[in-house]
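The values are calculated or read from the model by the stated rules, or taken from the named source; none is laboratory data. Here the structure is a predicted model, which means the values were calculated and not measured. In this analysis, Cβ positions are derived from the backbone assuming ideal geometry, glycine residues included, and neighbour counts consider all displayed protein chains.
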Amino acid sequence: MENEQVQGTPAEPTITARERWTARLVAAWRFTRSTASAIAKLARRVRASDAYARCVQLARSGSARLRRALGASRGPLLRAALLVLFVEGAVWALTGPLVQRIPPGMVGVRHSPWGAGVEPRDFAAGLHWNLPGLHEWHTIDAGTQVVDFGTFTPALELRTPEGNLVGVAVAVPYRLMEGRAHRLVAESLRSSHADMVRANVEAVLLTELGRASSEDWLDDERRREVLDGAGAAVGAALESLYVEADRVLLQGLRFPAPYETKLLEIQRGTQKRRLSEASANLKQYQLIVDRGVEENSRAVQRLRDERDLELTELRNERKREIRLFEIESEAE
């Protein structure tokens, strides 16, 4: 029969999950016990070694010498140290919450949620009076910051009036106007101020720099005029955000590869033209110098001739005087 067990064949034992976990815990306990036993044996060997005994002896002797050196003054010194620590802790606990520290390079703005609101003044770096629960403080960076296009963010992509694409990498340094930090807090601009500054700078630069032609970017004087005009426009646009910015720094310029090849040829032609003009100017200057040298030589020779003539006349006159003197002497 199918349901009857075959005679002489034992049934396979079944292991429950609880028994498996019990076996694992027993194995882990045995491993831990054996490891602890090995560590204890190693510690006993270390304690039994001469080096360990010498270290313990040196430590005990050093402690004894220190106690003898301190002597009777150990108690007063300890009490004085504890008193100083207690006074410092008490001063910090009492005055710490009453003082607000503004780090260097930052400006503080004090806000009274239960009083007059934002105080209309900026607090410089240092320590200022604070009432917990009555005053809230905001710190704003007062140093120079930079809006960058082209280093950590994509460069500005512009199209010149003649239709050429140009990538311009620029940086615009700016800083908060003096005495205007509290206006940022009062007008709820503190959290979004940096993003608003960047958006305004980008909009102004796209407009101002987009008016420049390819030749403007290639010529030094015209490029400087373009950047100066863009800096003035950026400064005017950022006044409403209480920011000062007066210049735009050019970091890089990129044209499409075919146009850059054309520009390279134009620059080579310009350099050759300037070189020929410089050579012609040099020849003209050389002619002027040669003419001046020749005129100077003639003038020097004329002066020499005049001097020689004067010397000759003086010699002749002296000879005549000497001759007359000799004649008068013979007559006497």
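Take E12 and decide whether it is modelled with pLDDT under 70, acidic (D, E) and either touching a Leu at 6+ places or on another chain (Cβ under 6 Å) or outside the structural domain of H128 (by TED's automatic domain parsing) (or both).
Yes, satisfied.
If I go through segment 161-216 residue by residue, how many of them are of a type in the set (S, T, Y), surrounded by 14 or more Cβ atoms within 10 Å (Cβ to Cβ) and either more than 17 Å from Q251 (Cα to Cα) or not assigned by TED's automatic domain parsing to the domain that holds Y242 (or both)?
The number of residues fulfilling the criteria is 1.
Say we look at segment 169-189 and pick out the residues that are among the aliphatic types (A, V, I, L, M) and assigned to a loop (DSSP other than H, G, I, E, B); which of these is farthest from A199 (Cα to Cα)?
Restricting to residues being among the aliphatic types (A, V, I, L, M) and assigned to a loop (DSSP other than H, G, I, E, B), the top hit is M177.
For segment 109-153: of the residues being among the acidic types (D, E) and in a strand (DSSP E or B), which is farthest from R180 (Cα to Cα)?
D148
Just to be sure, is V226 of a type in the set (A, V, I, L, M, F, W, C) and touching a strand residue (DSSP E or B) at 6+ places or on another chain (Cβ under 6 Å)?
No, not satisfied.
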